[in-house]
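> What follows is a single structure, and I will ask about it in a moment.
What follows is calculated from the coordinates using simple rules that are stated; it is not laboratory data. Remember, it's a predicted structure, so these values are computed and weren't measured experimentally. No Cβ is skipped: glycine too gets one built from the backbone with ideal geometry, and neighbour counts run over all protein chains shown.
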Amino acid sequence: MNDLVIANGTVVLPEGPRLADVVIRGETIAGIVDPGTGRGAQIVDATGRIVLPGGVDPHVHLMVGFMGQRSVYDFESGGIAALRGGTTTIVDFALQRRGGSMLAGFRHRRKQADPVVTLDYGLHQIVTDVNADTLGELAALRAEGVASLKVYMIYEEDGLKVEDGALYALMQQAAKDDLMLVLHAENAGIIERLRAEAVAAGHTHPRWHALTRPPITEVEAISRAIQFSGDTGCGIHILHLVAGDGVALIEAARRKGLPVTAETCTHYLALTDEALERPNAHEFVASPPLRSADNQLVLWDALRRGVLNAVTSDEVSYSAAAKAMGAASFATIANGCTGIEARLPVLYTLGVAEGRISLERFTELFSTWPAQIFGFGDRKGRIAPSYDADLVVIDPQAKRTIGTATDYGAIGYNPYEGMELTGWATETIYRGQVVVKDGTFLGRAGQGRFLHRVAPQRPGLS
Ligand SMILES: [Zn+2]
């Protein structure tokens with residue numbers, strides 16, 4: 001007997017969308033059958049709806065702190081916000097403190113997440129201190145199911161930056177131990193100098209956040225990371241790529257067959273540096289910064305052509321109050337914005353409804369490709385027999401205005417405030433259970449599981 005049938009929807013299958021029933025047994029997809037023919041204990045009527053594989057957001061920061069403040073979302077509430085936005089799997093981060101062990105940082109993060117997490121999650125291990133001891137831990141981390149290390153090429157003042165010699169050594173060892181790197185790629189030297197000059201000149205407005213991080217700072221760091229990848233053989237993924245000239249570097253590297261991928265984020269597709277002139281400009285400070293409208297066209301073109309392989313949220317839920325604490329100067333504002341829940345309707349509306357990308361490409365960017373790149377494409381990111389029954393049913397007709405009122409958490413501002421969007425989730429199915437219906441969470445804290453990841457599958461470039 002089947003447990004659940006998602007009936008009569010337009011189902012986005014690996015070979016393309018078609019009207020079908022998705023039949024689920026236990027936690028797994030049992031089959032795809034003709035519309036109206038699926039039989040099961042529970043039926044979700046998806047007539048007029050689109051059925052997608054559950055979203056995969058491989059770049060989120062839940063439960064983080066800044067200036068004594070906690071982010072609004074932890075692994076329970078942030079997971080619920082994700083599920084409401086049709087995302088059923090995330091990859092968050094574990095932190096190695098300088099002088100400390102990576103494995104200790106990893107185990108600490110598992111302890112924070114496991115008792116309460118509400119969706120499946122993996123962890124990128126942030127590396128801040130590269131020495132013989134920590135290089136010796138990589139194989140053990142890999143055995144724990146970690147498939148990627150994160151390096152910040154900037155943020156020395158926060159104890160995060162890894163300098164070039166250490167980065168190179170880390171990539172040599174990571175390649176041997178079957179780990180890839182995800183990189184925050186910005187040139188520290190240029191940015192630190194421009195910031196110091198701006199601060200000394202009394203330029204405090206949030207627009208200076210962008211003016212002190214010109215495109216060259218991203219482009220040079222991406223170029224350096226690609227060179228290191230080519231030399232060491234270590235796979236890399238560039239996080240939150242914004243600068244259009246970075247796209248050409250990614251494309252050239254991929255055409256050469258290097259193990260290189262990259263993503264951009266929802267906010268870089270929906271917002272431009274115009275937002276840094278608004279009265280609430282400080283709420284739009286993120287790194288890399290929002291760039292021009294012309295630059296944004298390059299990102300859409302790269303998504304259309306499959307040069308960029310994911311659109312992530314880079315979720316960080318600092319509240320409006322926390323963002324305002326630092327607002328006196330661009331140099332003291334907490335970086336980042338929330339987007340874990342908005343990623344689905346924003347990308348669906350701007351991408352599919354407004355005709356910038358196809359429904360198939362949307363599905364690849366939202367779910368399939370990040371699942372493959374980060375080592376769980378064998379279980380997630382596709383609607384196919386034997387895959388995990390993680391699905392989202394969306395309404396391609398209903399329109400709603402996004403804002404603080406539509407968010408799950410009390411963050412106090414929404415970067416997309418006032419946009420009229422479609423493609424909202426009506427039901428989210430996680431491991432065969434309807435865990436969100438019309439915005440209401442029906443699951444339980446602790447239902448999520450840690451993902452042991454396998455080697456990446458990198459999509460080809462046509
Ligand atoms: Zn991030």
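> Placing +1 at every Lys and Arg Cβ and -1 at every Asp and Glu Cβ, with all other atoms neutral, what dipole size does the chain have around its Cα centre, in debye to the nearest 20?
Values: 43 positive and 53 negative charges, 105 e Å.
Taking the Cα centre of the chain as origin, the dipole is about 500 debye.
> Something else now. With everything on Cα atoms, drop me the angle between helix 188-200 and the longest principal axis of the chain, reported from 0 to 90° to the nearest 10.
Between helix and principal axis, roughly 70 degrees.
> If packing is taken as the average count of other Cβ atoms within 10 Å, what order do 211-219, 194-202, 336-344 fall into, highest mean first? The partial results should precede the final answer.
Values: 211-219: 20.0, 194-202: 12.9, 336-344: 27.6.
In decreasing order of mean packing, 211-219, 194-202, 336-344 become 336-344, 211-219, 194-202.
> On a C-alpha basis, how far is the centre of the stretch 310-367 from the centre of the stretch 161-211 in Å? Whole number, if you could?
21
> Next up: Going by Cα centres, the stretch 230-287 and the stretch 380-408 are how many Å apart?
What the calculation gives is 25 Å, centre to centre.
> In terms of modelled amide H atoms, which long-range or inter-chain residues lie less than 5 Å from the amide H of Lys161?
Here the answer is Glu156, since their amide H atoms fall under 5 Å of that of Lys161.
> Would you please put 46-54, 317-325 in order of how densely packed they are, using the mean number of other Cβ atoms within 10 angstrom per residue and starting with the highest?
Working: 46-54: 22.7, 317-325: 20.4.
For the peptides 46-54, 317-325, the packing ranking is 46-54, 317-325.
> Tell me the relative contact order for the stretch 55-373 as a rounded percent, counting alpha carbon contacts under 8 Å between residues six or more apart.
Value for the stretch 55-373: 19 percent.
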